[in-house]
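The values are calculated or read from the model by the stated rules, or taken from the named source; none is laboratory data. Since we're looking at a predicted model, the values are computed, not measured. Ideal geometry is used to build each Cβ from the backbone, glycine not excepted, and the neighbour counts take in all protein chains shown. Only protein heavy atoms, including side chains, enter the accessible area calculation; ligands, DNA and RNA are left aside. Shrake-Rupley method; radii C 1.70, N 1.55, O 1.52, S 1.80 Å.
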Amino acid sequence: MVRLCGMLLGALVICTVLVGIQSRTTEQRDEFAAFLPAVSSNALESNDVAGDEPPPHTEYAKMARYLVHKAEWVSMGSLSTVDAIKGYPMVNVIAVADSARGEKSTGTLYFYLTMLDYTAQDLSKDNRLTVLLSMDQDLYCSKLGVDPMEPTCARIMISGRAVKLEDGNEEFNFGKDAMFSRHPAAQKWLSTHNFFLCKLEITQIAVLDWYGGPHYVTVDEYMKADPDAQAVTLKMAQPEIEREDDGRTITLKIKKDSTVRHIHLEV
């Protein structure tokens, strides 16, 4: 009888503890509800760019624009202001958007920051930063069996300065709409933790998408590139090509010893 009472008492204690844990977990979820993913019909849609295939690796500016437009987040590096590591590089994951989902690329990265987070604290003292974007963000490389560290898995490093945007102008509204479209949860961030909208003012762009080291793209080249364009120049001398056109199909026959290395078609 004593043993039975002991077992019942033990079961009662366990139930009490479990109820307490569940209650505390619910309270924590409510407290951090702003950071939970919002349910959205487009949450799993990709941000297609020109048929969702990357440009040739020799088109560095277009590759940079392609990766920026595809990106949902970046690894953002800043100079730490934390006493123990002051001046050390620090990195964080920051949600970004260069346009609303499904819209044309702009090349400008917009993002939200809050002074509760160390990245904003760092940038408030020194607004220089570098962001890293990888083609494997959506596992594109991994699905092809290419290691993310291989140069053929394209990555770009963009350095510049964070600029806070003031409410009430056209660019602010564009950036806000872009972020809300790509990141519906961002609407909750504003009301709970005083997030503010920023953009990346670019200073330098480094592109590594093939063997041989990075290539540097100027801001002008970058902004002029169009990742949505399908057209590329067809480089060949007329004697090296035969063209047949039956009204439905165009056949190009290139000589075996031709110097042609790139063919780009506009459809």
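Residue under question is residue 138, and the condition is that it be in contact with a Lys or Arg (Cβ under 8 Å, 6 or more places away or on another chain), acidic (Asp, Glu) and at negative phi; does it hold? Steps first, please.
Details: in contact with a Lys or Arg (Cβ under 8 Å, 6 or more places away or on another chain): yes; acidic (Asp, Glu): yes; at negative phi: yes.
Considered against the rule, which asks whether it is in contact with a Lys or Arg (Cβ under 8 Å, 6 or more places away or on another chain), acidic (Asp, Glu) and at negative phi, residue 138 comes out as yes.
Would you mind listing the helices (runs of 4 or more DSSP H) fully within the range 88-195 where at least 2 residues are of a type in the set (D, E, K, R) and at pLDDT 95 or above? Write out each step before concluding.
Details: elements: 118-125, 140-143, 170-182, 186-193.
Correct list: 118-125, 170-182.
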All conditions in (1) small (Gly, Ala, Ser); (2) without any contact (Cβ under 8 Å) to a residue 12 or more places away in the chain; (3) at positive phi; (4) in contact with an Asp or Glu (Cβ under 9 Å, 6 or more places away or on another chain) are true of residue 102 except (2)
Checked pairs for the range 74-86, first without any contact (Cβ under 8 Å) to a residue 40 or more places away in the chain, second not polar (S, T, N, Q) and not in a loop (DSSP other than H, G, I, E, B), C-beta under 7 Å and 6 or more apart or across chains, list as 82/118
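Scan the range 143-157 for residues that are small (Gly, Ala, Ser) and either open to solvent by 60 Å² or more (accessible area, probe 1.4 Å) or at positive phi (or both) and jot them down. Before you say what the answer is, go through the steps one by one.
Kept after step one, since they are small (Gly, Ala, Ser), are these residues of the range 143-157: 145, 154.
Scanning the range 143-157 gives a single hit, 145.
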